[in-house]
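Trainee: Structure below; questions to follow.
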Amino acid sequence: MQLVRNHEQVAVEDLHTRTMTASAKGTVAAPGRNVRQKAGLNRAILGKGWGRFLLRLEHSARYHGATVVKVNPAYTSQRCSRCNLVDADSRKSQAEFACTGCGHRDNADVNAAKNVLAAGLAVTGRGDLADRRSAKRQPPERRAA
Ligand SMILES: [Zn+2]
């Protein structure tokens, strides 16, 4: 897989596909309010075969000696990759990100991907983006191992 042949480290969101799939169904007693929304999201995730993709990625990474880092996906789509402000209003649409704090504009997926990468680099101590970050920036959320 080219991702791990050409890169020492690949950072991905830890999406817990199975958990999200289960939660989308809700329960009879307390059906989730966001069931419809989650179901749509799950269809997208499962449709893209995220779980299978991740397995292939990790297998290939082992072969090529690369590292796959799974990072907490919380707020990656609402966080500004330039100033780290988290604001749902910055996410203008599925495709557009425009920071309400610093005015940074980017494709929403690209902005989120930069956050995922920064979190992955921070986990493995390879971060070299410090000069682009605010001093007030909070450390990326770490998942208890
Ligand atoms: Zn910003």
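Trainee: If you go through the range 99-109, how many residues are farther than 16 Å from residue 71 by Cα and either within 9 Å of the ligand (Cβ to nearest atom) or modelled with pLDDT under 90 (or both)?
Mentor: So the count comes out to 6.
Trainee: Further question: Taking only the range 83-105 into account, find how many residues are in contact with a helix residue (DSSP H, G or I) (Cβ under 8 Å, 6 or more places away or on another chain) and surrounded by 18 or more Cβ atoms within 10 Å (Cβ to Cβ).
Mentor: Adding up the residues that qualify gives 3.
Trainee: Please verify whether the range 11-27 includes one or more residues that are farther than 21 Å from residue 117 by Cβ, of a type outside the set (Lys, Arg), at pLDDT 80 or above and not assigned by TED's automatic domain parsing to the domain that holds residue 123.
Mentor: no
Trainee: Residues of the range 72-98 being outside any loop (DSSP other than H, G, I, E, B), within 9 Å of the ligand (Cβ to nearest atom) and in contact with a Phe, Trp or Tyr (Cβ under 8 Å, 6 or more places away or on another chain), which ones?
Mentor: 90
Trainee: Further question on the same structure: Pairs needed: first member in the range 77-101, farther than 19 Å from residue 117 by Cα and among the β-branched types (Val, Ile, Thr); second member anywhere, part of a loop (DSSP other than H, G, I, E, B) and within 10 Å of the ligand (Cβ to nearest atom); C-beta distance under 9 Å; at least 6 residues apart or different chains.
Mentor: As it stands, the answer is 100/80; 100/85; 100/87, since those pairs meet every condition given.
The values are calculated or read from the model by the stated rules, or taken from the named source; none is laboratory data. Since we're looking at a predicted model, the values are computed, not measured. Ideal geometry is used to build each Cβ from the backbone, glycine not excepted, and the neighbour counts take in all protein chains shown.
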